[in-house]
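The values are calculated or read from the model by the stated rules, or taken from the named source; none is laboratory data. These numbers were taken from a predicted model, which means no experiment stands behind them. As a convention, Cβ positions derive from the backbone with ideal geometry for all residues, glycine included, and neighbour counts pool all protein chains shown. Calculation scope for accessible area: heavy atoms of the full protein, side chains included, ligands and nucleic acids excluded. Shrake-Rupley method; radii C 1.70, N 1.55, O 1.52, S 1.80 Å.
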Amino acid sequence: MQRIAGWWDGFELWVAGLPFIPQFLVVLVGMVPISFAIAYGLDRALRAIFRALGRDDRPELAPVPAPAPARPTVGSGAR
């Protein structure tokens with residue numbers, strides 16, 4: 001664990017020592033895929049949990065109401 005922590009500290013210092021634009025690009029290249037992977041994993045896990053609890057996102061079929069009776073049309077009498 002000490003080796004991983006030492007490597008991470010060195011990497012952190014390297015990124016912090018870069019000028020802004022390269023620092024921004026390094027963080028962007030590293031964090032965007034990791035963020036998408038975390039979001040995808042959370043989405044799949046929560047979907048499975050909600051499905052197990054019976055609260056999935058599929059809409060239930062509601063009964064179709066009967067159509068209203070047609071009303072006769074009444075003219076205004078204006079020509």
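Of note:
- Max mean-square fluctuation residue, GNM over the chain, Cα-Cα springs under 10 Å, options A62, A37, A48: A62
- Averaged over its residues, the chain has an accessible area of 100 Å² per residue, based on protein heavy atoms and a 1.4 Å probe.
- Of the accessible area of the chain, computed with a 1.4 Å probe over protein heavy atoms only, carbon and sulfur atoms account for 69 percent.
- In the chain, taking the dipole from charged Cβ atoms about the Cα centre, the farthest positive-side position among G30, P65, F20 is held by P65.
- Helix 2-17 and the longest principal axis of the C-alpha atoms of the chain enclose an angle of approximately 80°.
- Taking the C-alpha atoms only, the angle from helix 20-52 to the longest principal axis of the chain is near 50 degrees.
- The candidate values are (i) 29, 26, 19; (ii) 89, 44, 11; (iii) 109, 39, 11; the one derived from this structure for Cα extents along the principal axes in Å carries the label (ii).
- Counting 0.36 nm for each residue step from W8 to L28 and taking away their Cα separation leaves a gain of 5.5 nm.
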